[in-house]
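> Sending over a structure as structure tokens; questions will come in a sec.
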Amino acid sequence: MMTWITAVNAKQSVASWQKALECDGPCGPIKRSLSLNIDGQAWDWPYLCPIALLNKLCSLQPRLGDLIRSGTGPSLAIYMDEIKPGNVLRPDLSRTVACFYYTFTNLPSWYIARNAGWFFFAAFPAKLVDKLDGGYSCLMAKMLTVLFETEPLNFERGFPCTSSTGTFLCQAPFRLLLADEKALKELWGLRGAAGTKPCCLCMNVLGHMTPDQIHAANLGWLVHYSCPDRSQWAPQSSATFQDMRDRLHAVRGNKKQCNELGQAFGLQFSSSHVLWHPTIGPKVCPVQHTMYDWMHVLVAAGGVAQYELNEFAKLIKASGLPLSAIDTFGQVIFLPKARSKLPKKFWQDRVNTEENSHLKCFAAEVLVAVSILNLFAKEVLAPDGILPEHGRCLSLLADAIDILSQLDEALNLIDELQATVDQHAVCYKRLYPACCKPKGHYLMHLPNLLLKFEKNLSCFGPERKHRAVKTLAAQVFNDTLCDHVTLRMGHDVLQDFKGNQNLVEPFFLQGPTRQIPDGAHLLSLGMGQHDVMSVCTGRTLITPIGQLSLGDVLFAAELGALIVCAAFLEVFLITGERKFILQVSVHLWKEGSPKKTLTVVPDPGWRACPKPPAASVVESLGGAALLTEEEVTTSQCCTCHKPIDKDNSLVIVRAGVKSSNEIRRCRACHSMRSAIERLKRNHGSLVKDFTSADGDRISSFYRENPHLRGEDLRKRLEEIVQDWKISITRYEFNQEADFVEESDIRAKYADKPEIAENILKNSQGDPIRRPKVPGQGVLHDTTDAKAPKRPKKADKNGKDGEPADEPKLKAGEKKKVAKKAEQLSSKVLQMKDTWEKCSSFGDMIPPYVIKAASDAKDKSQVAIQNAQTCLDSGKGDSSHHIETLDATLNELSDCLARLKNQLEQASKFK
């Protein structure tokens, strides 16, 4: 969660944040600084002390301490990457910063995959790296010094943390370094992929030469990095790497010999590098602590998948099929809402026509593109025998991505992953030899690395955390960038742990939620749950294995069925526990019927298959056919949900292929919708309010009233809107009135028991006369009590005590005032609904916007009350009331528009 501030309170806010982060806590201040030597001058590098920060976070939410203690015990993983806020095409490094994060490898995979699973350490401006002796490797040495050598508390000695069972001593060794190839090169001081030895895990794998040159030179056991036979590799060990490090350190005085040995070993010597640090150097080793990131190796820019997709797409075009055919095919595939939807002309615009080039796209888009092109190859190319070998190679790539996408579940499929990766490497080298890059070699190391570290980590989590850093860094344009980013990141993480209990929960509803009226009673009747306090619902459910949204389609292999998400319920029990209920519609597969064009690509994390297939549900079912159109779409009306057939219904939505995936509406509902549209001419606000009601209420209206037209239809719509507004509005009675008995209230509203129940539920009551409830207010006065008398005014002669004569209202004037008051009342209800949605975003909505909206709402209620009093008495200046209502309506509309704009920006950012 981000904290937005204005120029008025900026200085006070920054001062309070600085004070909170620099105060001396149980483990010292959270925000500290390290002294660095930049061009011979001292420079303070601000950072968030992990010891103090974790101590504070665990005290705010002890559940985090439980997660840290879980498993085999905590161990640390470090991540570093450069980001460029603002214009990514900026030619210089003045805005580029390097971000350092860390996490515990024993934390649950669902927690590490989230933004909160990685903890911010520091940010360093990239423009100063060349001026720092040792560069990023020196910064890593400084970070490890803070983690393991800070006195008196560090991760080696331990420090106190809080869990739900009490205080424990947190100790964690350094386990692994996760980064892309460039960052690994900078942090370890390696020569990198462009050097003679591109891989620090192998002794005999060479780069900087072609395979033919190596073969012609007869270099014996040396092999090229494109070699797919892992039996020819000579694994590097800690002892052999230590020997190379010592030999390079011994010749540090001879620059020529040091460069020659460094090229042969794949190392760059510097006394400031972490490998030659006097105390940290003996504790770290690239062979033991390097973890290649499968996101950068496979799907990021220059990854194996991007090269393969680009080359395959060019071959499809060369075979006579246009790239637009792939785009058209991709538009009819159902994707989870958590996945990025590809642009309509993705393949036509993103394929690079240059030789041996990769696709132009983001990593998230590659995950979808692989699934779509794999399905296209199987459903379109394979039946005609087009590019069969290339289709098989892509299928192996899709299988590998599916396994790696399952977080720690991939650890149970290591053997299958290794076999898939090895077969893919052989096919890839045979089909695309010019596109073989060192990342293909790193991909073949992944199965062993997952088995070694017993963790499936990727950079998707920390890359998401970059969004917060970029947002903060984009607002700073001077040398205080790192200090400001560190300050804001520290403040925001503390605020998140103070106010968001869902950070450490495996299940929770994301986004705006609403409480279901009488939800507890319904559950007690339907499921026998008698200890329910309340029930909430939302549109998105976050789970340990991914995000679910309404309408997402899941494949349950054990049931042999498709599951469509219909509703998410969060149940609060009297004991304080929370339970989640997923309401779904299940569709069984039909054997023997012909295949239909409905194709589903579920999130790989939801597969329960012992062998994860490629993204195609068609493949996972073998010879089983997909659901028929009638079972999925045309079995019921999309409006009233009554059973229909093709004779008594109309097509509303149809996919690109004729008669596939049709959405139909019965003719009665279609005729009713046309009648409601005609009402817009004279009753636009009424129709708008009706369309805003909940879906069940609208569906019930269409089922029960297909015959209404004209005035009868208008009256029925008014009743529906009134009942809906009453069900979502809660009034607070804060004025003096006569008390009435509960029996009188129930008798008065015998035909409207819902209103009576709301009055009794929301009444303040009398401590002495408990059965009595206060009378209603002026806005909706349905009691027999007379309206309060108007205050006495001075007469024309200036004498007080006698009421001034007021003109009587004519019938036309009454209608005008009542219409304006109704419009303003409707706008007030919209403001209240938007106000409730804003509550879930906290400080992300600027305070001045909220205050202006509150003032406008209060002013509107006063104007409505005065107008209602005028209508009840039948006397008053109608023109004055109309002008007041118009001005108030304009002011409230402006505030509502501003509030909705802020709400939309906050929801997009969140």
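> Counting only protein heavy atoms and using a 1.4 Å probe, what share of the accessible area of region 74-120 belongs to carbon plus sulfur, as a whole percent?
58 percent
> Starting with the highest mean, order 895-901, 200-206, 232-238 by the number of other Cβ atoms within 10 Å, averaged over the residues of each peptide.
Output ranking for 895-901, 200-206, 232-238: 200-206, 895-901, 232-238.
> Additional query: Just the accessible area per residue of region 290-372, please: how many Å² with a 1.4 Å probe?
Accessible surface, normalised per residue, equals 40 Å².
> Here is a follow-up. Kindly report, to the nearest 10 Å², the accessible surface of Ile745 as traced by a 1.4 Å probe over protein heavy atoms only.
Surface open to solvent at Ile745 totals about 10 Å².
> Along region 480-488, what does the Karplus equation 6.51 cos²θ - 1.76 cosθ + 1.60 (θ = phi - 60°) give for ³J(HN,Hα), rounded to whole Hz, x for Gly and Pro?
Those phi angles translate into 8, 4, 5, 5, 5, 5, 4, 5, 5 Hz.
> Given the C-alpha centroids of region 392-432 and region 162-208, what is the distance between them in whole angstrom?
Here the answer is 23 Å between Cα centres.
> Cross-link candidates for Lys820: which aspartates and glutamates have Cα within less than 18 Å, leaving aside residues fewer than 8 places away along the same chain?
Answer for Lys820, where 18 Å is the Cα cut-off: Asp689, Glu718, Asp858, Asp872, Asp877, Glu883, Asp886, Glu891, Asp894, listed by chain and number.
> Now for a different question. What does the accessible area of Cys565 come to, in Å² to the nearest 10, when a probe of 1.4 Å is used?
10 Å²
> Which residues' amide hydrogens lie under 5 Å from the amide hydrogen of Leu267, considering only partners 5 or more residues apart or on another chain, with H built in the peptide plane?
The list, which skips near neighbours in sequence, is Arg191.
> With θ set to phi - 60°, apply the Karplus curve 6.51 cos²θ - 1.76 cosθ + 1.60 along region 144-159 and write out the HN-Hα couplings as whole Hz, x wherever there is a Gly or Pro.
Result, rounded to whole Hz: 5, 5, 5, 6, 10, 10, 5, 9, x, 10, 7, 6, 7, 7, x, 8.
> Let me ask you something else. Scan around Tyr225 for amide H atoms under 5 Å from its own, H built in the peptide plane at 1.01 Å from N, and keep only partners 5 or more places away or cross-chain.
The list, which skips near neighbours in sequence, is Leu206.
> Could you check how much of the accessible area of region 194-256 is carbon and sulfur, as a whole percent, using a 1.4 Å probe?
Carbon and sulfur together cover 55 percent of it.
> Taking a threshold of 19 Å on the Cα-Cα distance, which of the pairs Lys197/Lys439; Lys439/Lys465; Lys185/Lys437; Lys317/Lys429; Lys131/Lys256 fall above it?
The pairs that break the limit, which is 19 Å between Cα atoms, are Lys439/Lys465; Lys317/Lys429; Lys131/Lys256.
> Would you mind putting 67-79, 400-412, 255-267 in packing order, based on average other-beta-carbon counts within 10 Å, highest first?
Highest to lowest by the protection proxy: 400-412, 67-79, 255-267.
> Moving on to the next point. For Ile545, tell me the accessible area in Å² from a 1.4 Å probe, rounded to the nearest 10.
Result for Ile545: roughly 80 Å² accessible.
> Got a sec to turn the phi values of region 568-575 into Karplus ³J(HN,Hα) couplings, 6.51 cos²θ - 1.76 cosθ + 1.60 with θ = phi - 60°, whole Hz, x for Gly and Pro?
10, 10, 10, 9, 9, 9, 5, 6
> Distance between Cα centroids, region 859-895 to region 460-497: provide it in whole Å.
47 Å
> Under 12 Å from the Cβ of Leu48, count the other residues' Cβ atoms, weight Lys and Arg +1, Asp and Glu -1, and hand me the total.
+1
> Continuing with the same structure: Taking amide H atoms as placed 1.01 Å from N in the peptide plane, list the residues 5 or more away in sequence, or in a different chain, whose amide H sits under 5 Å from that of Gln636.
Amide H neighbours of Gln636, under 5 Å, 5+ apart: Ile644.
> I would also like to ask the following. Provide the FRET efficiency to the nearest 0.05 for the Trp221-Lys19 pair, computing r from the beta carbons and using R0 = 60 Å.
Step by step, r from the Cβ atoms, then E = 0.45.
> Round to a whole angstrom and tell me the spacing of the C-alpha centers of region 35-59 and region 278-335.
About 36 Å separates the Cα centre of region 35-59 from the one of region 278-335.
> Starting with the highest mean, order 283-290, 701-708 by the number of other Cβ atoms within 10 Å, averaged over the residues of each peptide.
Result, highest mean Cβ count within 10 Å first: 283-290, 701-708.
> In region 447-543, what percent of the accessible surface is made up of carbon and sulfur (1.4 Å probe, ligands and nucleic acids excluded)?
Heavy-atom surface of region 447-543 belonging to carbon and sulfur, 1.4 Å probe: 51 percent.
The values are calculated or read from the model by the stated rules, or taken from the named source; none is laboratory data. Worth saying up front: this structure is predicted, and the values here are computed from it rather than measured. Positions of Cβ are generated from backbone atoms using ideal geometry, with glycine treated the same way; all protein chains shown enter the neighbour counts. Side chains included, ligands, DNA and RNA excluded: accessible areas come from the protein's heavy atoms. Shrake-Rupley method; radii C 1.70, N 1.55, O 1.52, S 1.80 Å.
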